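The values are calculated or read from the model by the stated rules, or taken from the named source; none is laboratory data. Because the structure is predicted, anything quoted here is derived from the model rather than measured. Quick reminder, even Gly has a Cβ in these numbers, built from the backbone with ideal geometry, and neighbours come from all protein chains shown.
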């Protein structure tokens, strides 16, 4: 695959080329100096990313996808196919696996690496049968008393006419309803784009974790800008208003923890990114291990009931509190 660089990654690529050149010339001291400069710039960039730059990182085509994490984190993954009603949707992958010797059920939204795979997986936007496949796997986890782990990475659910006719909204709602009532631990990890109902269908979990440069929002910033200001080029402004970064989501209580990424982003080091996700998953499972089935369901219910801001006893004529422009 051709190397893909975001605007703020170009300087880093140039430094890396200079380091490689110095090493090829045997100038280890010069290379070491530039290595220190590279690390300094990576840290500086990471600390000053705008919300929209994080959106771009979440969409980065070299970023690890669900199957990358599944293959790196779990052992003996056996993928299951089909919704037993209509067909199989490659935008949703899932099956049975082992995590540090513990059997689990794992589901993920999968994008494609090249043009052909992107088309086959519908750019990670699941169809109704994808969510019904996910529901089938959730039911297996509940029946067999196995923890459920989901990887969220989608711009949103597919919204073609055929998807509407096959009840995409109902498929999403059934996933949400079933996840909410599960009596086994479930953990959701937002690894890229967490877009709208397509994301929340796999994220009604006891623990919602989010990678440092992932995003989680009811709408894509460009779409929001097109609706609010009639100009999708104002996506960066919308990204600020939507508060869609991991840091915002943690502050608002939408997620439970942020998973750090390798310096410069998960796309720079897949193995390290997977290790950090695995460590976070193991910590979350350990925390949930002591909960009874009823306590797991109650904890999940209270978690989602307390998200957001509300006011009681608003006087007639008063303007209610609004959290953001969008």
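Determine if segment 113-127 includes at least one residue that is within 28 Å of residue 177 (Cα to Cα) and touching a helix residue (DSSP H, G or I) at 6+ places or on another chain (Cβ under 6 Å).
yes
Confirm whether residue 19 is surrounded by 12 or more Cβ atoms within 10 Å (Cβ to Cβ), out of contact with any strand residue (DSSP E or B) (no Cβ under 9 Å at 6 or more places or on another chain) and either over 22 Å from residue 221 (Cα atoms) or touching a residue at least 12 places away in the same chain (Cβ under 8 Å) (or both).
Answer is yes for this residue.
For the structure I just gave you, tell me whether residue 287 is under 17 Å from the mean Cα position of the chain (by Cα) and surrounded by 13 or more Cβ atoms within 10 Å (Cβ to Cβ).
The answer is no for residue 287.
List the pairs whose first member sits in segment 229-242 and is outside the structural domain of residue 217 (by TED's automatic domain parsing), whose second member is modelled with pLDDT under 95 and part of a helix (DSSP H, G or I), and whose Cβ atoms are under 8 Å apart, counting only residues at least 6 apart or on separate chains?
none
Tally up the residues in segment 22-59 that are within 33 Å of the chain's Cα centre (by Cα) and farther than 30 Å from residue 220 by Cβ, please.
Residues that pass the stated criteria total 6.
Quick one: how many residues across segment 19-31 are at pLDDT below 85 and part of a helix (DSSP H, G or I)?
Residues flagged as at pLDDT below 85 and part of a helix (DSSP H, G or I) within segment 19-31 amount to 8.
Say whether the condition of being touching a helix residue (DSSP H, G or I) at 6+ places or on another chain (Cβ under 9 Å) and surrounded by fewer than 14 Cβ atoms within 10 Å (Cβ to Cβ) is met by at least one residue in segment 35-47. Walk me through it before giving the result.
Restricting attention to segment 35-47, the residues satisfying the condition of being touching a helix residue (DSSP H, G or I) at 6+ places or on another chain (Cβ under 9 Å) are 35, 37-38, 41-42, 45.
Restricting the remaining residues to those that are surrounded by fewer than 14 Cβ atoms within 10 Å (Cβ to Cβ) gives 37.
Within segment 35-47, one or more residues are touching a helix residue (DSSP H, G or I) at 6+ places or on another chain (Cβ under 9 Å) and surrounded by fewer than 14 Cβ atoms within 10 Å (Cβ to Cβ).
Search segment 70-90 for residues being in contact with a strand residue (DSSP E or B) (Cβ under 6 Å, 6 or more places away or on another chain) and crowded, with 16+ Cβ neighbours inside 10 Å, and hand back the single one that is nearest to residue 188 (Cα to Cα).
Restricting to residues being in contact with a strand residue (DSSP E or B) (Cβ under 6 Å, 6 or more places away or on another chain) and crowded, with 16+ Cβ neighbours inside 10 Å, the top hit is 70.
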